[in-house]
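The values are calculated or read from the model by the stated rules, or taken from the named source; none is laboratory data. Since we're looking at a predicted model, the values are computed, not measured. Don't worry about glycine lacking a Cβ; one is built from the backbone with ideal geometry, like all the others, and counts go over all protein chains shown. With ligands, DNA and RNA removed, areas are computed over all heavy atoms of the protein, side chains included. Shrake-Rupley method; radii C 1.70, N 1.55, O 1.52, S 1.80 Å.
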Amino acid sequence: MEWNTSSRTRARAAEIIAGHRADQTEVVRDAHLLFEWAAYAVCSPELLTAVQEVIGEAVAVENTYLMLKWPGRDFPVPWHQDGINPRMQLDPERSVAAWLAVTDATTRNGCLQVIPGSHAAGYLDHHREESEAPRGKALGVEGMPSGPHERAVWLPLDAGQASLMDVRLIHRSDSNTTAGTRIGLNIRYVAPGAIRASDGHSPSLYPLTGSDW
Ligand SMILES: O=C(O)CCC(=O)C(=O)O
């Protein structure tokens, strides 16, 4: 599916890269609240229609992560599931994850790898990775290898394309081994009532459609 044309997306990517080349930012949390282009991206028509086909008419954004993999940096994302973290758990029937390619995402620059069918096992135990990188510590599924998995399938996408995933699907990405920067936007979409929050955590939602918020 397309969330934007490849030419417009590539132009946007060039701007993002120019803006962050000096600080080499790797992760921007809630990019849809910070950047106008990302606020448009989360409600791009083809993407939103596909999301509504999965979770119904009323849709909100629970979270976004913009991830930049700069050339020469060690930045693998461990095997994980998007629908669970220490603050909350998403009902898989009422939520869906999207990954939007802002640059081309290839097997060499760190496109997503997924384990087909892994959602069927439900949510698994996670632990925090040990990285000391300023981008923070990601969550990883217990017992998974730190690198490739024999059952993994790679999901290369062109800039402007997007994929949807079950929020329990186990996925990861590798470091970028090319000379260019790879950028992706991860979005968690929810329908009303999708979030089971841990004690003391109140999720803040960014409603796109519907009125039950
Ligand atoms: O952009 C990436 O490389 C990984 C993103 C991802 O898996 C996530 O944010 O859940």
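Observations on the structure shown:
- Every residue from the stretch 27-64 that is part of a strand (DSSP E or B) and more than 24 Å from residue 173 (Cα to Cα): 59, 60
- Among the residues listed as 106, 49, the single one being modelled with pLDDT of 95 or more, within 15 Å of the ligand (Cβ to nearest atom), open to solvent by 40 Å² or more (accessible area, probe 1.4 Å) and of a type in the set (Val, Ile, Thr): 106
- Every residue from the stretch 184-213 that is buried (at least 18 other Cβ atoms within 10 Å of the Cβ) and at positive phi: none
- Qualifying position, being within 23 Å of residue 138 (Cβ to Cβ) and open to solvent by 10 Å² or more (accessible area, probe 1.4 Å), among 93, 62, 36, 57: 62
- Per-region count, the stretch 142-162, residues open to solvent by less than 20 Å² (accessible area, probe 1.4 Å) and in contact with a Phe, Trp or Tyr (Cβ under 7 Å, 6 or more places away or on another chain): 2
- Criterion (at pLDDT below 95, surrounded by fewer than 18 Cβ atoms within 10 Å (Cβ to Cβ) and more than 17 Å from residue 95 (Cα to Cα)) met by exactly one of 19, 72: 72
- Test: residue in the stretch 168-183 that is of a type in the set (Ser, Thr, Tyr) and farther than 19 Å from residue 77 by Cα: no
- Residue list for the stretch 65-103, filter: in a loop (DSSP other than H, G, I, E, B) and either within 9 Å of the ligand (Cβ to nearest atom) or on the phi > 0 side of the Ramachandran plot (or both): 72, 75, 76, 81, 82
- For the stretch 109-141, taking the residues that are surrounded by 17 or more Cβ atoms within 10 Å (Cβ to Cβ) and among the polar types (S, T, N, Q), the one that is farthest from residue 83 (Cα to Cα) is identified as 109.
- Among the strands (runs of 3 or more DSSP E) confined to the stretch 137-213, the ones with at least 2 residues that are within 14 Å of the chain's Cα centre (by Cα) and either under 18 Å from residue 113 (Cα atoms) or away from the ligand (no atom under 13 Å from the Cβ) (or both) are located at 162-165, 171-173, 182-190.
- Test: residue 24 is in contact (Cβ under 8 Å) with a residue 12 or more places away in the chain, assigned to a loop (DSSP other than H, G, I, E, B) and open to solvent by 10 Å² or more (accessible area, probe 1.4 Å): yes
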